[in-house]
1. Using the Cα centre of the chain as origin and beta-carbon charges of +1 (Lys, Arg) and -1 (Asp, Glu), tell me which of Ala508, Ala40, Met362 is placed farthest towards the positive end of the dipole.
2. Would you tally the net charge around Leu403, using a Cβ to Cβ cut-off of less than 12 Å, leaving Leu403 out, and scoring K and R as +1, D and E as -1?
3. For a protection proxy built on the mean count of beta-carbon atoms within 10 angstrom, sort 363-372, 448-457 highest first, please.
4. Taking Rh as the Kirkwood radius computed over C-alpha pairs, what is the Stokes-Einstein D of region 423-495 at 4 °C in a medium of viscosity 1.567 mPa s, expressed in µm² per second?
5. Find, among the trypsin sites (Lys or Arg not before Pro) in region 380-480, those assigned to loop by DSSP (not H, G, I, E, B) with at most 13 other beta-carbon atoms within 10 angstrom.
6. With only Lys, Arg, Asp and Glu charged, each at its Cβ (+1 for the first two, -1 for the last two), find how big the charge dipole of the chain is about the Cα centre; round to the nearest 20 debye.
7. Which whole number in µm²/s is D for the chain by Stokes-Einstein, with the Kirkwood Rh taken over Cα pairs at 20 °C and 1.002 mPa s?
8. What is the set of long-range amide H partners of Leu149 at a cut-off below 5 Å, with H atoms built 1.01 Å from backbone N?
Amino acid sequence: MNTKPQSSPDAGIRAKISNGAILHFGTSIGVRILGIVTVAVLGRLLTPADFGIFAYAVFVSTLTDNCFYRHFHFSLVRLPEVTNEHLDTLFTLRFLTGLIVAGGIALSAGPVAMWVDAPELYAVLSWIAIVPIIGTLPSPRFMLLEKDLKFAPAAFQVLLARTLTTCSVIALGFIWGNYWAPVTGLIVMSSIVALHSHWVAPYRPRLCLTKWRNFFRFGLWVMFGNLFNFLSGRVDRLILGPYLGVSAVGIYRMGVDIAELGSRQFAQPMGRVIYAGLATKGQDKAALKSAYLETQSVFIGVVLPMGLLTALCATEILRILAGPNWLAAAPVMWVLAPLIALNTLESGVRALIYINDAPEKMFFRNLLIFCVAMPIITAGVAWGGFEGVILASAVVKVFALVLTLMLAGKETNASFRAPFLKAWRSLLAGVCMVLTITVVVMWGPSTTANTTVPAAVMLLVVKCGLGLAAYLGMHFTLWALSGRPNGIETFGIAQVQKAKARLLRLVAL
């Protein structure tokens, strides 16, 4: 009789999700390094005004991807069965959407350039109008890989596209020395994504609309929800330009970009893993609630120290990466980096809502945040200028975080504080990290425009080393004192053991 224990289907699913999470986390680290390299080079080649113009180009490009295309991915993954007609319909709808969006961008180029008093934006936005069309060309079959919990191709695609784009942007930066280098990089990245998707998952385009009902209702709610979410998160940059000019937008964007480097780069790819993983729970409410809370606690444990370290080391990071001319962006990072990190919890809430087939709830949530953000940000800029927009953005992010967790609490019949209560060890460890680095700041030297790069690097290493040591030490101490429950610590130890086993097998060969 065979007494070998059989692994359950759930165990296999958890293994695939864990491997996908690790894979995307590794990819996010690689992408973060590439982002740091890009900022370090372009920060010395371009002016704040160049970054301000580029900020508007990124706004348009990201708006297209997040608001008008992302819902197709969510719609396809949630379908119980996918046919060729579904794929053809998705491609057709996406292509038609791309044509409409491209035309809208081209027509708005002139008014936008006049609105922010930057004539250069007319040519930039006219050129960027091609990005929405390129964005319709990726193979829809590529999306099915994540539906089957195959995450490696998507992770490789992200790393490949970012690597080639970084190389091209840096090369063009040295050649042109202006905003056209990063602007062209947006087109390069979209093209690489499209080509790679067809290489991995070949698809012959065919126009078809027979399955439009499978995408229409869900897709409209998600699309307009994403639109308001996108606008509420970037209204600060839109309003700042007409008041203080594109140079102020460039400095503000530099601060936000660096503040997002850690947490956002981790959250975006991980959101795809979470959505596919939670989708396997179907309508099992108890299993869905447990998986949601477990996922969110892991998110907090990872992104919280990223956000805190970014804020506490802002001046050192700016001095090393961008140079002394960008230290004015430090207040942006001090205030917003931790809040940006915590707001990545939206990824798990969004997945929960979509799986429960209630996208209209995310739409109304995003619409409310947008309606709150507009007057608060406008008042902050009008009354407080650059500092005012930072504080106003912080208020909006706190409001968005509370509202998001309250929405998830209703879906799971749990308190909106449940993710933080489950991640209490991470919160206390974060406090320990802040106190440790604060002592270094109080008793150690500070980084200024006159600080040399080697000195800034040394101070950054000291801060990060002591901060991470305090965070991990407190985390594992609390874990041991509380009886070593299942959590992010057990997950991390398990992955280290797996990596050690693989290494030993390789050495044995």
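Rule-based calculations on the coordinates, nothing more; no lab input. Since this is a predicted model, take the numbers as computed values, not measurements. Using ideal geometry, Cβ is built from the backbone for each residue, glycine included, and neighbour counts are taken over all protein chains shown.
1. Value computed over the given set: Ala508.
2. Result for the local shell: +3.
3. Averaged packing, sorted descending, gives the order 363-372, 448-457.
4. D = 94 µm²/s.
5. Of the trypsin sites (Lys or Arg not before Pro), the ones in loops of region 380-480 whose Cβ has at most 13 other Cβ atoms within 10 Å are Arg417.
6. The dipole of the chain has a size of about 1420 debye.
7. 89 µm²/s
8. Sorted by chain and number, the residues that satisfy this come to none at all.
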